[in-house]
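Read the structure below first, then the notes.
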Amino acid sequence: MAPVRPRRSDVAATPRIVTLIRQFPLSGYRRGRRLGPKISRGLHGRARMTPMDNLYLVLKTLHVVAVIAWMAGLLYLFRLFVYHGTETEPVVRTRLVEWERRLYTYIANPAMAATWLLGLGMTAVQPGLWQQPWLHAKVALVVLMTGVHHAALPLRRRLAADAAVPSDVRLRILNEVPTLLMIGIVALVILKPWAR
Ligand code: HEM
């Protein structure tokens, strides 16, 4: 008997987005119905996604969002320092002082705290991660990144007080440091070298 081909109207009636949502593998389960063997594999190859696995993925999602906010704040802040260092117009300097203060206080600082808390939160859910050399190397670079973050505060205050600051060239070199650290950190966590 020839296989039953779905009626054209049936196929057309199922918008692509609905098909995609149905296949979305977040929990490996959809209300009351288990989806295909491939998706029923949980985190780290476990037979099923446990609530802790879901928590881990939610923490990782929020972690990456916090990372993006922290990097956006820090990279823009050091760029503003470069412009501020060479700016002679008092009105523009005053505006830069306010932009730098807001960027540091309301974006970079809370995003850094959230990145740390969510990152450590994942290691609390999966304490075995602390056996991983890539995480040791990653945290070492994050500590350096946090040092650069804290070094921005006295620099911001000196610029605000029109006090002496490093030369234009030095400010431009300083501006590249968070970028290089970010590249190293992301490479370590995605490539996971020396993983055990
Ligand atoms: C001390 C602070 C941090 C800790 C403890 C930490 C820890 C972690 C852990 C445990 C993961 C999950 C790894 C996995 O399941 O594959 C992760 C993911 C990630 N982290 Fe961090 N992290 C920290 C800071 C940062 C920073 C500063 C950046 C970027 C500049 C960053 C970028 C990422 C990215 C992009 C991922 C997702 C990787 C993936 O999906 O494969 N993290 N982090």
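The values are calculated or read from the model by the stated rules, or taken from the named source; none is laboratory data. Remember, predicted model here, so these are calculated numbers, not experimental data. In this analysis, Cβ positions are derived from the backbone assuming ideal geometry, glycine residues included, and neighbour counts consider all displayed protein chains. Just so you know, the surface numbers come from the protein's heavy atoms only, side chains and all, with ligands and any DNA or RNA stripped out. Shrake-Rupley method; radii C 1.70, N 1.55, O 1.52, S 1.80 Å.
Size of the dipole of the stretch 68-126 about the Cα centre, Lys and Arg at +1 and Asp and Glu at -1 on the beta carbon, nothing else charged, in debye to 20?
Roughly 60 debye for the stretch 68-126.
Could you point to the residue in VAL64, THR179, TRP99 farthest towards the positive end of the stretch 51-191's charge dipole, with +1 and -1 charges on the Cβ of Lys/Arg and Asp/Glu respectively?
Result: TRP99.
Rounded to whole Å and sorted largest first, list the principal axis extents of the Cα atoms in the stretch 51-191.
In descending order, the Cα extents are 56, 25, 19 Å.
Compare TYR56, TYR76 by solvent-accessible area with a 1.4 Å probe and give them largest first, with all protein chains kept in place.
Sorted descending by solvent-accessible area, the residues read TYR76, TYR56.
Once you place label points 7 Å from the Cα toward the Cβ at VAL143 and THR94, how far apart are they in nm?
Modelled inter-label distance: 4.4 nm.
Per residue, how many Å² of accessible area does the stretch 51-191 show with a 1.4 Å probe?
Result: 54 Å² per residue.
Round to a whole number: what % of the accessible area of the stretch 51-191 belongs to carbon and sulfur, probe 1.4 Å?
The nonpolar share, carbon plus sulfur, comes to 72 percent.
Assigning unit charges at the beta carbon (Lys, Arg +1; Asp, Glu -1) and nothing else, what dipole magnitude in debye, to the nearest 20, does the stretch 51-191 show about its Cα centre?
Value, rounded to 20: 140 debye.
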